[in-house]
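Working notes, structure below.
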């Protein structure tokens, strides 16, 4: 059972149970960003600030140009 308390201690090559080594972290971590646009076919503005993000991964937006309220859902790839 590991709880992270002794994870940073060096391996002293003592007999008995050995700790598993952590795999190395990837060199590059990429976050995909897609610019949000108003779903109104006549507006299509990118000026759509978030007015409520209390229910993550869902965010609620209001277009500053046409006033349309809509929501967006964050996806993990």
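Quick notes on this one:
- Spacing of the modelled spin labels on residue 22 and residue 69, each 7 Å from Cα toward Cβ, amounts to 4.4 nm.
- Footprinting exposure proxy for 59, 35 (fewest neighbouring C-beta atoms within 10 Å first): 35, 59
- Chain lengthening between residue 46 and residue 31 when straightened (0.36 nm per residue, less Cα-Cα): 3.4 nm
- Residues 50, 30, sorted so that the one with the fewest Cβ neighbours within 10 Å comes first: 30, 50
- Residues 65, 54, ranked from the fewest to the most other C-beta atoms within 10 Å, line up as 54, 65.
A short reminder: the numbers here are calculations on the coordinates, not readings from a lab. A quick note: this is a predicted structure, and the numbers were derived from the prediction, not measured. Quick reminder, even Gly has a Cβ in these numbers, built from the backbone with ideal geometry, and neighbours come from all protein chains shown.
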